[in-house]
Amino acid sequence: MNSQPSDKQAMVLGLGAVVLWSTVATAFNLSLDFVTPLTLVTLASITSWFFLGGILLISGDIKTLNQIKAPEWLRLLALGLINPTLYYFLLFGAYAKLPAQEAMAINYTWGLVLPLLAAPLLGQALQRRDLGCAAISYCGVFVIATRGNVLAFELSDPTGVGLAMSSTVLWALYWIGNTRIKTPPIQGLFVGFTSATAVLLTLSFFTGSLAGLPWQALAGGLYIGFFEMGLSFILWLKAMKLTQNTARISTLIFLSPPLSLILIWAILGEAIRGSTLVGLAMILTGLAMQHWRRSPDPSV
């Protein structure tokens, strides 16, 4: 009797998370016009750290941090160096070099990297289907990276593509590392962002990258830290807890790329290339084929 209202609420929360994820490619691109990748990830990390800490304080769960054992603390702090520190630094670097449409599309292949890395690192079986899905999607990446000139075998921006691809590896490694974490997600994120914020603030202090920031940079860091790194995760987590049909909610993430492209076209004024549409369709096809047999984790 109560499953329907819960499912409807879960769908609303899930759609809210997807809409927020759809805005971040545009937010990344706009912010990076005024600030470096290091400064942007620092501002966003600080914002998210305060947001997550506030959630724990309001809920009273801040007390549970004392229950985390030392080895778990060390693992969480180490994971914080992967996400957000290195992951977003590389991702922002990719957005600084590539058109938003290309960086966004390539970033979605992290879901295919996950099973490829989980096989050797977690001892999981790697099936032919995983390899087939990856092959389809990476052909799509090649179409995007060459901007449709596939016969020339010449990447439009090798550094940007390399940064985007490297970020997918780090994101997959982060989720693999989380498989052995028993701490609740929000508490785990808060601890991870604690180490990330400390490291990023130290780097920013020595480089002087936080001095004299324009308001656009501050606004971008606040938006990304609050909505992309914080609120969207909370909404998605609540949606997954409320739903009676996890598969239905998880398919919502496939709405994010086309919504992102619409915003990139409307706000950034990027002309959406045919090669991006073809490549993204191939990437999403590979992800959808993989999704039919496993529910994906949340994406950025």
- In a Gaussian network model over the chain where Cα atoms closer than 10 Å are linked, find which of ILE283, ILE272, ILE82 has the largest mean-square fluctuation. ILE272
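How would TRP215, TRP175 line up from fewest to most surrounding beta-carbon atoms within 10 angstrom?
Working: TRP215 8, TRP175 19.
Ascending number of Cβ neighbours within 10 Å: TRP215, TRP175.
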- Note on the structure: Across THR64, THR243, THR109, the residue with the highest GNM fluctuation in the chain (Cα network, 10 Å cutoff) is THR64
- Query: Which entries in the list LYS63/LYS238; LYS8/LYS63; LYS8/LYS182 go over 25 Å, if you measure between the two C-alpha atoms of each?
  - Reply: LYS8/LYS63; LYS8/LYS182
- Item | Derived scalar couplings ³J(HN,Hα) [region 181-190; Karplus, 6.51 cos²θ - 1.76 cosθ + 1.60; whole Hz; x for Gly, Pro] | 8, 9, 5, x, x, 5, 4, x, 4, 4
- Using a ≥ b ≥ c from the Cα gyration tensor of region 149-221 (square roots of the eigenvalues), is it rounded, prolate or oblate, where a/c under 1.5 gives rounded and otherwise the larger of a/b and b/c decides, a/b for prolate? oblate
- Task: Measure off 7 Å from each Cα along the Cα-to-Cβ vector at ILE272 and LYS69, then give the distance between these two points in nanometres to one decimal.
- Result: 5.0 nm
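So what's the back-of-envelope 222 nm ellipticity for the chain, counting only DSSP H runs of four-plus at -39500 (n - 2.57) apiece and dividing by all residues, rounded to 500?
-22500 deg cm²/dmol
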- Message: Students often get this wrong, so try it: which of [x] 20.9; [y] 19.8; [z] 21.5 is Kirkwood radius over Cα pairs in Å as calculated from the structure shown?
- Response: [y]
- Task: Determine, at each q value in 0.15 (inverse angstroms), the log₁₀ of I(q)/I(0) that the Debye formula gives when each Cα of region 1-145 is one equal point scatterer.
- Result: -1.15
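Fewest to most neighbouring Cβ within 10 Å: what's the order for TRP236, TRP265?
TRP265, TRP236
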- If each residue's Cβ is checked for other Cβ atoms within 10 Å, how do TYR88, TYR138 rank with the fewest at the top? TYR138, TYR88
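Every number here is computed from the coordinates shown, using simple stated rules; none is lab data. Predicted model only: the values in this text are computed from it and were never measured. Neighbour counts are summed over all protein chains in view; Cβ atoms, including those assigned to glycine, are modelled from backbone coordinates with ideal geometry.
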